[in-house]
């Protein structure tokens, strides 16, 4: 697994002997193990397989389904792993595949945010901070519209938990500002009002 292909453009992954079997074994390992016991070797193997970015959706779906939302440690471990996968796809200079299950992804993020558990909610916001720039524009806008809805925005902006509040502030300033206020027209409007 330490070998790297020089170019993955145009590779028909299914034509590589044994590839489909290895992918099934990898997904079964994620399905059969508890989230707490995902080994470093399993994590590294999954990262190596992401040279084929189409595996991002099945990997994410499998880990989300295995995660108990009431188990804070499992939520943290799952989100860290999924963030690594998103970053790896981005570092490979690939786009999120068009068949990525964003409905499932956004529903999972929504469930975790609605739970409003201090540590889990902060981890979700930190996860979004790490991957928002990687998510395609249409889905990113859906996510941002949800987070900027006044009720949710004020809930996180004035949250009782200092950790959630600060994580939301970082997310708001460094990610939302980047996408919503970083345009030349928006900056001009902002400076005119000051």
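A short reminder: the numbers here are calculations on the coordinates, not readings from a lab. A quick note: this is a predicted structure, and the numbers were derived from the prediction, not measured. Note: ideal-geometry Cβ built from the backbone for every residue, glycine included; neighbour counts use all protein chains shown.
When the Kirkwood radius is taken over all Cα pairs of the stretch 32-124, what Stokes-Einstein diffusion coefficient follows at 10 °C and 1.306 mPa s, in µm²/s?
117 µm²/s
Please work out whether the stretch 13-193 counts as rounded, prolate or oblate from its C-alpha gyration tensor, where a ≥ b ≥ c are the square roots of the eigenvalues and a/c under 1.5 means rounded, while otherwise a/b larger than b/c means prolate and anything else oblate?
oblate
Label-point separation (nm) for residue 73 and residue 142, each offset 7 Å from Cα along Cα-to-Cβ?
Label-label distance for residue 73 and residue 142, simple model: 3.4 nm.
Report the extension gain between residue 114 and residue 65 in nm, rounded to one decimal, defined as 0.36 nm multiplied by the number of residues separating them, less their alpha carbon distance.
Result: 15.9 nm gained on full extension.
At a temperature of 20 °C and a viscosity of 1.002 mPa s, determine how fast the stretch 31-82 diffuses translationally according to Stokes-Einstein, using the Kirkwood radius over alpha-carbon pairs as Rh; express D in µm²/s, rounded to the nearest whole number.
Diffusion coefficient, whole number: 190 µm²/s.
Return the whole-Å distance between the Cα centroid of the stretch 123-161 and the Cα centroid of the stretch 22-48.
Using only Cα atoms, the two centres lie 28 Å from each other.
If only Cα atoms are counted, what is the Rg of the stretch 126-175, and what is its Dmax, in Å?
That works out to 10.8, 32 Å for Rg and Dmax.
Once you put a point 7 Å from the Cα of residue 154 and another 7 Å from the Cα of residue 42, both along the Cβ direction, what distance in nm separates them?
Result: 4.4 nm between the two label points.
Please compute one quarter of the surface area of the Cα convex hull for the stretch 95-154 and express it in square nanometres.
Values: hull surface 16.5 nm².
In nm², the orientation-averaged hull projection of the stretch 95-154 is 4.1.
Subtract the Cα-Cα distance of residue 16 and residue 34 from 0.36 nm times their separation in residues, and report this length gain in nm to one decimal.
So the extension gain works out to 3.5 nm.
Percent relative contact order of the stretch 56-149, based on C-alpha pairs within less than 8 angstrom and at least six residues apart?
This gives 34 percent for the stretch 56-149.
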